[in-house]
Amino acid sequence: MQPPKSPICVICGSRPATTVEHVPPRGFFKGIVGQFRTVPACNICNNGSSEDDEALRNYISAQIGKQTTGAKHLWEMGAHKSFLRSTRLRSALLRTTHEVEVVDEDGSTTTRLAFVVPVSLYQRVFERVTRGLHFLHAGKILPIDIPVQINLLTNAPDLSLPEFQIFEKHSIAEDAFVYRFALNSEEPSNGVWLFTIHGSHWVQSSTGVLVDNAF
């Protein structure tokens, strides 16, 4: 997909666009080839987000494990190396790690490790992704005063429901990242986005007046 052009960064909507930003971050993919999405961005929005991108990549990888080939590569070639290399990243995860009791499908109870997910980190990274993809598909910068709200979904939504039939679907890097969206035809700044990472991790984004319209 050829991105539309803009002299202004589509993430902050104010500074000159002197580079391009990957949406979603390219660090979400390891060992996978494919067509990635890029949008015009300034150096501050592009280079200033790398730490957030790496940290969120690690949290996502720690949650999804090695369920798919892409997820396995993400852990072995990305997150695992980051945790081994950085004491700070490793400590941030271990600090909130604790045991919880869960009920398996057969009704039995078992103990597993859990950790606190930094919702604010998801908000920062996926707001950039939403603003970038909005520009890519709407052809207009989402004004900075238009709110973007990110929600983490604990379960996969039922995509067979009628409301999802109007969503446009796109896939990146061999289905490692799939996104669906619906924009209001009269006011495209009002929209709902649904992201799937490595087939098992779900995040929802809403913009404009549809903020708080979580699934």
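Observations on the structure shown:
- Residues that are in a helix (DSSP H, G or I) and either in contact with a His (Cβ under 6 Å, 6 or more places away or on another chain) or surrounded by 14 or more Cβ atoms within 10 Å (Cβ to Cβ) (or both) within the stretch 78-97 comprise G78, A79, H80, S82, F83, L89, R90, A92, L93, listed in sequence order.
- Identity of the residue in the stretch 54-77, of a type in the set (D, E, K, R) and surrounded by fewer than 20 Cβ atoms within 10 Å (Cβ to Cβ), that ends up farthest from T196 (Cα to Cα): E76
Residue-by-condition table, conditions (1) loosely packed, with under 15 Cβ neighbours inside 10 Å; (2) at pLDDT below 95:
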position	(1), (2)
I141	no, no
Q149	no, no
A156	yes, yes
F164	no, yes
A173	no, yes
A182	no, no
G191	no, no
L194	no, no
G199	no, yes
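- Sole exception among (1) loosely packed, with under 15 Cβ neighbours inside 10 Å; (2) out of contact with any helix residue (DSSP H, G or I) (no Cβ under 6 Å at 6 or more places or on another chain) for G132, by number: (1)
- Screening the stretch 107-179 for strands (runs of 3 or more DSSP E) wholly inside it with 1 or more residues that are in contact with a Leu (Cβ under 8 Å, 6 or more places away or on another chain) returns the ranges 148-153.
- Selection count where residues are under 18 Å from the mean Cα position of the chain (by Cα) and either of a type in the set (S, T, Y) or farther than 21 Å from L142 by Cα (or both), scope the stretch 179-215: 12
- For first residues located in the stretch 153-168 and over 14 Å from N213 (Cβ atoms), partners that are among the polar types (S, T, N, Q) and outside any loop (DSSP other than H, G, I, E, B) and lie 6+ apart or on another chain with Cβ distances below 8 Å form the pairs A156/T196.
- Index of the failed condition, F36 passing every other in (1) outside any loop (DSSP other than H, G, I, E, B); (2) in contact (Cβ under 8 Å) with a residue 60 or more places away in the chain; (3) under 21 Å from S200 (Cβ atoms): (1)
- Hits in the stretch 180-205 (condition: free of Cβ contacts under 8 Å to residues at least 60 places away in the same chain and within 19 Å of P25 (Cα to Cα)): R180, F181, L194, T196, W202, Q204
- Restricting the stretch 39-77 to residues that are without any contact (Cβ under 8 Å) to a residue 40 or more places away in the chain and in a loop (DSSP other than H, G, I, E, B), the residue that is farthest from P118 (Cα to Cα): C42
- Taking each residue of the stretch 90-118 that is free of Cβ contacts under 8 Å to residues at least 40 places away in the same chain and looking for partners that are outside any loop (DSSP other than H, G, I, E, B) and among the charged types (D, E, K, R) with beta-carbon atoms closer than 7 Å, six or more apart or interchain, yields V100/R112; V102/R112; T109/E101; T111/E99; T111/E101; L113/E99.
The values are calculated or read from the model by the stated rules, or taken from the named source; none is laboratory data. No experiment lies behind these values; they were computed from the predicted model shown. Quick reminder, even Gly has a Cβ in these numbers, built from the backbone with ideal geometry, and neighbours come from all protein chains shown.
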